[in-house]
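Asker: Here it is, the structure, as structure tokens.
The values are calculated or read from the model by the stated rules, or taken from the named source; none is laboratory data. This one's a predicted model, so the numbers in the text were calculated from it and none came from an experiment. Every residue, glycine among them, receives a Cβ derived from its backbone with ideal geometry; neighbour counts consider all protein chains shown. Surface accessibility is based on the protein's heavy atoms, side chains included, excluding ligands, DNA and RNA. Shrake-Rupley method; radii C 1.70, N 1.55, O 1.52, S 1.80 Å.
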Amino acid sequence: MIKGHQTFAILFWLNNQRTKNEKSTIYLRLTIDNKRVEMTTHLRVETKCWDQKAQRVKGKTEESQTINRQLGIMQADVHKHYGLLLAYEKPVTAETVKNAYLGIGEKQKTLCEAFDVHNTRFAEKVKAGKKSNGTLKRFHIAKHKAVAFMHYQFHVSDKPLNEIKFSFAPDFEHFLTTVQVMGNNTATKYLKILKQVMKMSVEQGWIIPIH
């Protein structure tokens, strides 16, 4: 497969040196621009059941179909992380794609850290006379409200951005209007600020939007 001028290939193969109970481990080999890395799928199959040409398990048994389904999911996930690295213009090598797939890499930013970046940038605009200091104060209050919500809902003071689900926003609004007995219009303003921070996080590549 070729994207731009870069070569990209995925190969599943049976590692007969990693055998247990007469079953060998299936490995994934990722090659980008002739540089390759390998990683285990943690899936095992008997050698006689493996079709190297198709890179899948032979037969129509429930076990073979389950393994083949998992291989397909793994292949699609590796493709996805490769595409995301390209989209966010980050270094794309066999090693960086592998690390992205395994969740190894840059420290995941948290919601509070995202608020801090957002509010610091806004403060610079206030200093330059481009924005209102009153709005900046609302942004700081919004962060404190978000922290109070996380304490109430999750018993933590902060959460990694990749752990924040779509339900976070409506749950946050419900918390503001019920637990903190805030008016609907005021709660909506804080919810809007939260969404601005999340939008900035997507633009910065700190979280991946789900389509």
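Asker: Applying the selection to the stretch 114-157, what residues are in contact (Cβ under 8 Å) with a residue 40 or more places away in the chain, farther than 19 Å from THR188 by Cα, assigned to a helix (DSSP H, G or I) and open to solvent by 30 Å² or more (accessible area, probe 1.4 Å)?
Answerer: Of all residues in the stretch 114-157, those in contact (Cβ under 8 Å) with a residue 40 or more places away in the chain come to 114-115, 117-118, 138-139, 141-142, 145-146, 157.
Then drop every residue that is not farther than 19 Å from THR188 by Cα, which leaves 114, 117, 157.
With the extra rule that they be assigned to a helix (DSSP H, G or I), the set shrinks to 114, 117.
Scanning the stretch 114-157 gives a single hit, VAL117.
Asker: Kindly indicate whether THR110 is modelled with pLDDT of 90 or more, over 30 Å from SER201 (Cα atoms), surrounded by 13 or more Cβ atoms within 10 Å (Cβ to Cβ) and under 25 Å from the mean Cα position of the chain (by Cα). First the steps, then the outcome.
Answerer: Working: modelled with pLDDT of 90 or more: yes; over 30 Å from SER201 (Cα atoms): no; surrounded by 13 or more Cβ atoms within 10 Å (Cβ to Cβ): yes; under 25 Å from the mean Cα position of the chain (by Cα): yes.
No: the conditions fail for THR110.
Asker: Looking at the stretch 1-32, which of its residues are touching a His at 6+ places or on another chain (Cβ under 9 Å) and either surrounded by 13 or more Cβ atoms within 10 Å (Cβ to Cβ) or not aliphatic (A, V, I, L, M) (or both)?
Answerer: Here is the first cut: in the stretch 1-32, the ones touching a His at 6+ places or on another chain (Cβ under 9 Å) are 1, 8, 10, 25-26.
Once the filter is applied, which keeps residues that are touching a His at 6+ places or on another chain (Cβ under 9 Å) and either surrounded by 13 or more Cβ atoms within 10 Å (Cβ to Cβ) or not aliphatic (A, V, I, L, M) (or both), the stretch 1-32 yields PHE8, ILE10, THR25, ILE26.
Asker: Of all residues in the stretch 42-92, which are hydroxyl-bearing (Ser, Thr, Tyr), within 25 Å of GLN17 (Cβ to Cβ) and free of Cβ contacts under 8 Å to residues at least 12 places away in the same chain?
Answerer: In the first step, residues of the stretch 42-92 are kept if they are hydroxyl-bearing (Ser, Thr, Tyr); the result is 47, 61, 64, 66, 82, 88.
Checking the rest, the ones that are also within 25 Å of GLN17 (Cβ to Cβ) come to 47, 64, 66.
Of everything in the stretch 42-92, just one residue is hydroxyl-bearing (Ser, Thr, Tyr), within 25 Å of GLN17 (Cβ to Cβ) and free of Cβ contacts under 8 Å to residues at least 12 places away in the same chain, namely THR66.
Asker: Right, another one. Residues of the stretch 161-170 being open to solvent by 40 Å² or more (accessible area, probe 1.4 Å) and either part of a helix (DSSP H, G or I) or in contact with a helix residue (DSSP H, G or I) (Cβ under 8 Å, 6 or more places away or on another chain) (or both), which ones?
Answerer: Step one: of the stretch 161-170, the residues open to solvent by 40 Å² or more (accessible area, probe 1.4 Å) are 162-163, 165-167, 170.
Result: ASN162, GLU163, PRO170.
Asker: Considering the stretch 171-206 alone, what residues qualify as being in a helix (DSSP H, G or I), within 24 Å of the chain's Cα centre (by Cα) and among the polar types (S, T, N, Q)? I'd like the intermediate steps shown before the answer.
Answerer: So in the stretch 171-206, the residues in a helix (DSSP H, G or I) come out as 171-178, 184-203.
Among the residues that remain, those that are also within 24 Å of the chain's Cα centre (by Cα) are: 171-172, 191-203.
Those that are in a helix (DSSP H, G or I), within 24 Å of the chain's Cα centre (by Cα) and among the polar types (S, T, N, Q): GLN196, SER201.
Asker: Kindly establish whether GLU173 is surrounded by fewer than 17 Cβ atoms within 10 Å (Cβ to Cβ) and not aromatic (Phe, Trp, Tyr).
Answerer: Numbers: surrounded by fewer than 17 Cβ atoms within 10 Å (Cβ to Cβ): no; not aromatic (Phe, Trp, Tyr): yes.
Taking the combined requirement at face value, the residue does not satisfy it.
Asker: Mind checking which pairs have a first residue in the stretch 11-25 that is on the phi < 0 side of the Ramachandran plot and a second that is of a type in the set (A, V, I, L, M) and outside any strand (DSSP E or B), Cβ under 9 Å, 6 or more apart or different chains?
Answerer: PHE12/LEU71; PHE12/MET74
Asker: Do we find that VAL92 is under 30 Å from THR40 (Cα atoms), modelled with pLDDT under 95 and part of a loop (DSSP other than H, G, I, E, B) in this structure? Step through it out loud before you land on a result.
Answerer: Values: under 30 Å from THR40 (Cα atoms): yes; modelled with pLDDT under 95: yes; part of a loop (DSSP other than H, G, I, E, B): yes.
In short, yes.
Asker: Quick check, is ASP33 at positive phi, over 21 Å from the mean Cα position of the chain (by Cα) and not β-branched (Val, Ile, Thr)?
Answerer: Numbers: at positive phi: yes; over 21 Å from the mean Cα position of the chain (by Cα): yes; not β-branched (Val, Ile, Thr): yes.
Here the answer is yes, as ASP33 does meet what is asked.
Asker: Looking only at residues in the stretch 52-74 that are closer than 18 Å to ILE10 by Cβ and in contact with a strand residue (DSSP E or B) (Cβ under 7 Å, 6 or more places away or on another chain), which one is surrounded by the fewest Cβ atoms within 10 Å (Cβ to Cβ)? Steps first, answer last, please.
Answerer: Going through the stretch 52-74, the residues closer than 18 Å to ILE10 by Cβ turn out to be 52-57, 67-74.
Narrowing the set further to residues that are in contact with a strand residue (DSSP E or B) (Cβ under 7 Å, 6 or more places away or on another chain) leaves 52, 55, 57, 67-68, 70-71, 74.
Numbers: GLN52: 10, GLN55: 17, VAL57: 23, ILE67: 20, ASN68: 21, GLN70: 14, LEU71: 19, MET74: 19.
If we take residues in the stretch 52-74 being closer than 18 Å to ILE10 by Cβ and in contact with a strand residue (DSSP E or B) (Cβ under 7 Å, 6 or more places away or on another chain), then GLN52 is surrounded by the fewest Cβ atoms within 10 Å (Cβ to Cβ).
Asker: Anything in the stretch 33-51 that is open to solvent by 80 Å² or more (accessible area, probe 1.4 Å) and assigned to a helix (DSSP H, G or I)? List them, or say none. Reasoning before the result, please.
Answerer: Just the residues of the stretch 33-51 that are open to solvent by 80 Å² or more (accessible area, probe 1.4 Å), to begin with: 34-36, 42, 44, 48.
LYS48, the sole residue that qualifies.
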